[in-house]
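Q: Dumping the structure here so I can ask a few things about it.
Values quoted throughout were computed directly from the atomic coordinates according to the rules given, and no laboratory measurement underlies them. Since the structure is predicted, the reported quantities are computational estimates derived from the model, not experimental observations. Cβ: placed from backbone, ideal geometry, glycine included. Neighbour counts: every protein chain shown.
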Amino acid sequence: MGRAETPKHVAAAIALGVGIGFSPFIGFHFFLAIALATLFRLNRLDAVLGSFAGNPWTLPPVYAAGYRLGRVLLGYAPARVPPLKWHRILHHDFWVDFHGPGFGPRLACFLVGATILATLLALAAYFVALGVLNLYHRRYPGVAARAARRRGTTGVHARANDEVGPDERVH
């Protein structure tokens, strides 16, 4: 909280991690979080911590909703692509349903729907994290001032001028 990054950068790193954590690329979340945070010059630790939002308790409902969303968006009828048994997601026989002629459509439904939901969850995480960080900096102006000094900016507030109202600017 007293780091040199602005609340926007911290919130962006957290949101990137949340989006990756809910992405359909199971097993690669950690590596994707580090790689994309490095690419976008965001804090890698914040991105990795954000990716932990996708965990065994949160992924099954998000993936189930993503699969259904993908099926609707791609227009697959239930007769062509039967519903999956989501209550069996942690059992080996769940993945057997992906084999056979329904593999391609099921995979497409899953990838499209889960990616869209991951993007929406990342956007929500950005605005929530930004709001919490801005609130924290308003409540503890010393932290914001210390962060501003570390960034090399002047003023009591660590927020950029575009985030500060005209009556809040420090002269």
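Q: Compute the relative contact order of segment 7-159 as a whole-number percentage, counting only Cα pairs closer than 8 Å that sit 6 or more residues apart in sequence. Spell out each step's value before the answer.
A: Values: 204 pairs, mean separation 45.9, N = 153.
In percent, rounded to a whole number, it is 30.
Q: While we're here: Per-residue counts of other Cβ atoms within 10 Å, averaged by peptide: what ranking do you get for 37-45, 59-67, 13-21, highest first?
A: On the way: 37-45: 15.2, 59-67: 18.4, 13-21: 27.3.
Descending mean neighbour count gives 13-21, 59-67, 37-45.
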